[in-house]
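Just so it is clear, none of the values below were taken in a lab; they were calculated from the coordinates. Keep in mind that this is a model prediction, so the values were computed, not measured. Cβ placement follows ideal geometry from the backbone for every residue including glycine, while neighbour counts extend to all protein chains displayed.
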């Protein structure tokens, strides 16, 4: 069963990752990206990490995808299709991708990772919570700082520059 | 359950599509709703509500809220001193929330 | 389309149906209302003509050249501050369209009962092209702001173009109305 | 009369009858038969009288009701039954339908009128069925230039997401479709899908009013998700688990609403906002933006969205019951199923009717606990639903900026007070290990 | 805390209304009771007699065919037309009587005011709907029939609110 | 657990490759953001997979941190897009050259 | 909008209204900004649940209304033109049509004007009957208005209660005039028919109950904190603006100007009755919506007074000649306080049985001017409440 699920998830994830980049419509691309992220969440479930999986679903699909969708909808449609992509660059990119995948794959397959299997019980999600406030607490504080900086920075960035005010005074 | 929802609801649409009348006589009938007028302009325009900052804030504070769950579910097994980092985290987030709410509440900048 | 190229509108005042000589009308006039009409006459002399003085109503006829000044005086000197109603009356036999402003006051409590009926006349054309013919009057919108929609209504119903009105558009009639302005007397209802 | 109805033609009538029969047969062959066979194949067949019950045998047993009971019992233990009927879709849809009816009658009573009255013999009880039939037979109009795949899929996805939400709710001890360890987190993940579906549906209609309504819905749902998540943190802190069944079981002595009333109030308010119900029905504010994101939906698409939203209503009310009111816990008032009947059969005068399968059915599956739990659960849910419906009668709609301001400042502040109350209760030793309970 | 008390007051008021009687008039089963027999006009005093302005009723033995009702209606709705009737009356030499088209009638009752002979009344009958336009045209013979109007329901005000009963 | 670490690693490598390709080829700002998301997800997958097979809670914890950072990055990136769109009425990366100065 | 118009007018119509009055008086709300693609044009109406038979061309920038251009005229029926073809009596049934819920008040100025033109003296009892009918009708109108205000704010109960309680008064009107909505009751020289027997008692009972009922609206509607938060400080019309715009009725009185035609220029017997003219100074949508409600209580009071002071018997109508004519060339302008404000009727007579020109100066049309100024800079969510708080009745504005 797990193998079938794994294969299906792999197909969904990789397929929708490609679709997210290659679909003409950005909205459909965003939906495909959501599919890809959901597939990753499925992998996390397979890896007995339900907390991370649901976190991924709640945060990535539930909020980041919404933000992306919303921003895509803000942008005018005709602008999205304006540029036709450079053919040569595309082929170069595909080549780069293939080389990268082949080499990295070969390295991984050759390495000792291949032999690693485990029979250990999965990590309980409460351990993550315990980790957060004990061992990783500086990271947590740092995380808080990053998030705080992000929200302030994003708001300051996305704010409308008051061009109109100048026009009005003129 | 999700799949069952799809599986159960798709036939309803199919049946509805089959037994409902389909008359394509009038092209005006298929125009989008614009209160009896012929629509002007694009339906999916570049349209920005003034509340865009809330959605940016949501992305960040959603992460925070679910972090809190990782802590809250393990709270019974934690020593009391372990609350302090979380309080620090909360304080930082609240410190960020105050200017963010101030910025998003300002009217003319969005 | 300047105003002085047209005929003066008060050529034959005795034929106007609205006009009533005050001395004919009644022997004793209400005092308060008489004062108001006297003030206007004092200011403008024979440029204005007092049409009637009744209880709570004072009627004044003004030519189209002076209507702006008279209205300004009515607002500033007499404390009238808003226009209740603007009506057009079509007089085909005089070849004129009268526009009647009923001006009232909110800010002055002594004038609460009073209405000042300011009447002016525009030239009427047999084949009206609303907005592009000689049927023109100066707008009172910069004096009494409340005439804005009323004047738009007069424009579409009588074809009187108000010079200086910034928003002289159709208001009530259908967008594809191509007939003569409907409240003129020569627009006949079918079957009547 | 002739003005209203066209001329009656026998041939036309027969033709329409034949048409209907053909479509029904086709549907049965395409959907019904595979469904039956899937059910029969998937569910483990009981061994009866020494022989395995094959589907064929099961069909032949239909004549004898006593022999069909084991089949029913076997069916009730399958997952498909759970998904389709009892804690899952059927139960929820039934409750949702009764909610619609109760809402109509209650609003009518509050507004001094009668409400649905003529359809069905009693107080218009069949009105909902009539409405459903009407909706299913209405023409589906898709606006020009609409994004058809999303437009068609969004209502279905809406119902499916609501159904997934329903699946997480434990109704009675052991009766839950998906009993996962992180149930509450899964609830948040599922709730996160609603704004996406809404905004996609609104966007795909290529119309202005749905777009504005969809954006409003997005802002509203998204803004109230934070207080929603935070208001439930108190419960998780004092129980130390995210499993909804365990949370329910932990309230066997007292519901958490006693200790965490602020959290309950905040959750109730956010619930109203997430459900887009008055006073928070801004996305469908009919006087501003015709019907919000539902403007272009017609016929069964609209019906599906309504079904989904009422399923969602049930699910939220049930979540409130589970988290704050103690779920299935309650005094045992359903009488025990008499052992005598199960074992020895029913005595009706001289005849003694013995039913073999009853014991296994009522002994193992339909137990007294389950009936009692369901009873209390439904009772509490009905109470919560009453309070969800009631604001519709007494409150006007709020404005979007007031709403967002409320969600982001007041409710989040209250949430943190709630969290500190929970912390205080734990550290003062009132709750948690060593405390009450 | 003004907000909270306001919300609680509103909820309380809403719940209180669950116990108040319904006001709805269940129309086809219940019908409103009207004043008197319908609107009539007394030409001697020049004052009408109060009543519902419903469908007309024509007294053939009083109608003189003077067309005053038709003239009165001309400026309002043009609903009344004078038609020939077969019966002969001494006072109605031309043998014409009003025929009323209820598709046009606005039920203002000016025709009743205009009739100097008490010949035209308005009755309490207001259920005139038919399936065709032709059915709305009432000939003098139809107008002669006094309609039966069942009226039973009135507004009753009790401690538990007003209701129709 | 019938799957092995290498399977997850390979999926992660594939996702990484797709992400690199997207970054290299696509000139549309939003598409590039998609590509970055895919790369981050590949990394997360690796983190959780290694955390599972070398049993340690740190893998999942780090993945959580990583997702949080990704959220922050998306928020910043999208507000950048909004700014750029407002200034240039365009979201093509090549038209943003004047941002350099 | 611009099919038949000359070029200079078209150019002014195609852009947003950028002008301001010449004085330093500025309309409330946002200063105007350049039309860019942030701005979306919405047609609110004519087939919209929140606009009545009117189209509001609203330009929104996000959630804020940048400009609003009202486009009435979807129900124009040419009452003024029709009146020129009918005599003074046959005008009565159709002149009440613009606001059928307020038909007595709609007819009142016309009847008063014709009485002055024809020189008719009205019997004392008829005046009281008219006052009772007019006040009942004012309540009926306000109840209908309130019902729609409720549904505009999303308060369905406030739609159902007023429509139900309005039935009490409609029942009274029907007993009195014989019609439920279009009464055609007032006539030059009095009223059409006398009060039915027992009317005073029934009227007193139902009006008392009605007053008790409308007081209950406070808890659910007027004191509701959600409603207050939504309508307070929105669409504020200052005292100065109200005078400048020439608004009338409840809109005017909400801005702090005590102007009620019943009190300032009493007609019939209003000078003998004790009338409170309710004035609020806030000038916002909440005050504008509360004044009609308080007006209704005042109306109940007036009805009680009138029932008490009314002569118990006497004539209610003078006999008219068959085709009454005016006394030659004459004009008359009469105004009354209708449910929406001061309603004037300007009649020009030339001695014929038909009026030469009849102009209805309707309060809805006068209040409509305030709409673009109140809506500019408001949030879209405030549009229905501000719009309907102007006490606007679309059919009346079109006449």
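Taking a ≥ b ≥ c as the square roots of the Cα gyration tensor eigenvalues, with a/c under 1.5 meaning rounded and otherwise prolate when a/b beats b/c, else oblate, which class fits segment B:52-105?
Numbers: a/c = 5.34, a/b = 2.10, b/c = 2.54.
Judged from the Cα gyration tensor, segment B:52-105 comes out oblate (a/c at least 1.5, b/c at or above a/b).
Please list D:258-270, C:40-52, G:156-168 highest first by mean number of surrounding beta-carbon atoms within 10 Å per residue. Intermediate values should be presented prior to the final figure.
Values: D:258-270: 21.4, C:40-52: 16.7, G:156-168: 22.9.
Highest mean packing first, the order is G:156-168, D:258-270, C:40-52.
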Q | Rounded Å value of the spacing that divides the Cα centres of segment G:265-309 and segment D:255-308 | A | 40
Q) What shape does segment G:228-289 have by the C-alpha gyration tensor, where a ≥ b ≥ c are the square roots of the eigenvalues, rounded means a/c under 1.5, and otherwise prolate means a/b greater than b/c and oblate the rest? A) prolate
Q.
With angles folded into 0 to 90 degrees, how steeply does helix E:2-16 sit against the dominant principal axis of chain E? Use alpha carbons for both and round to 10.
A. 60
**Q.** Most mobile listed residue (G:226, G:369, G:89) in chain G, GNM with C-alpha springs under 10 Å
**A.** G:226
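Based on the alpha-carbon gyration tensor of segment E:29-152, what equivalent-ellipsoid semi-axes (square roots of 5 times the eigenvalues) come out, in whole Å, largest first? Each step should come with its number before you reach the end.
Working: eigenvalues 99, 62, 38 Å².
Rounded to whole Å, the semi-axes are 22, 18, 14.
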**Q.** In degrees, nearest ten, helix G:199-215 long axis to first principal axis of chain G (Cα)
**A.** 20
Q: Would you mind computing, in nm to one decimal, how far apart the modelled labels at residue D:252 and residue A:96 are, each placed 7 Å from Cα along Cα→Cβ?
A: 6.2
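Can you compute the FRET efficiency between residue E:146 and residue G:271 using 1/(1 + (r/R0)^6), with r the Cβ-Cβ distance and R0 = 60 Å? Round to the nearest 0.05. The partial results should precede the final answer.
Working: r = 46 Å, r/R0 = 0.77.
The pair residue E:146/residue G:271 has a calculated efficiency of 0.85.
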Q: Calculate, in nm to one decimal, what residue C:129 and residue C:177 gain on full extension: separation in residues at 0.36 nm each, minus their alpha carbon distance.
A: 16.0 nm
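What is the Cα convex hull volume of chain G when expressed per residue in Å³?
Details: hull volume 57.4 nm³, N = 399.
Per residue, the Cα convex hull of chain G comes to 144 Å³.
What FRET efficiency comes out for residue A:7 versus residue D:76 if R0 is 41 angstrom and r is the Cβ-Cβ distance? Round to the nearest 0.05. Walk me through the numbers before you get to the answer.
Details: r = 33 Å, r/R0 = 0.81.
FRET efficiency, residue A:7 to residue D:76: 0.80.
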Q | Spin-label proximity, residue G:312 to segment G:162-196 - amide N less than 19 Å from point 7 Å beyond Cα toward beta carbon | A | G:194-196
Q) So for the pair residue E:128, residue C:34, with labels modelled 7 Å out along Cα→Cβ, what separation do we get in nm? A) 5.6
Q: Tell me the label-point distance for the pair residue E:160, residue D:379, using the 7 Å Cα-to-Cβ offset, in nm and rounded to one decimal.
A: 2.7
Q) Based on the Cβ-Cβ distance from residue D:387 to residue C:110, what FRET efficiency comes out when R0 is 60 Å, to the nearest 0.05? A) 0.55
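Report the gain in length on full extension from residue D:333 to residue D:133: 0.36 nm times residue separation, minus Cα-Cα distance, nm rounded to one decimal.
68.1 nm
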Q: Rounded to the nearest Å, what's the spacing between the alpha carbon centres of segment B:51-110 and segment E:1-69? Just the number, please.
A: 61
**Q.** Span from the segment G:46-103 Cα centroid across to the segment D:113-144 one, whole angstrom
**A.** 34
Q.
Under the rule a/c < 1.5 gives rounded, and otherwise a/b versus b/c splits prolate from oblate, where does segment D:374-421 land using the Cα gyration tensor?
A. oblate
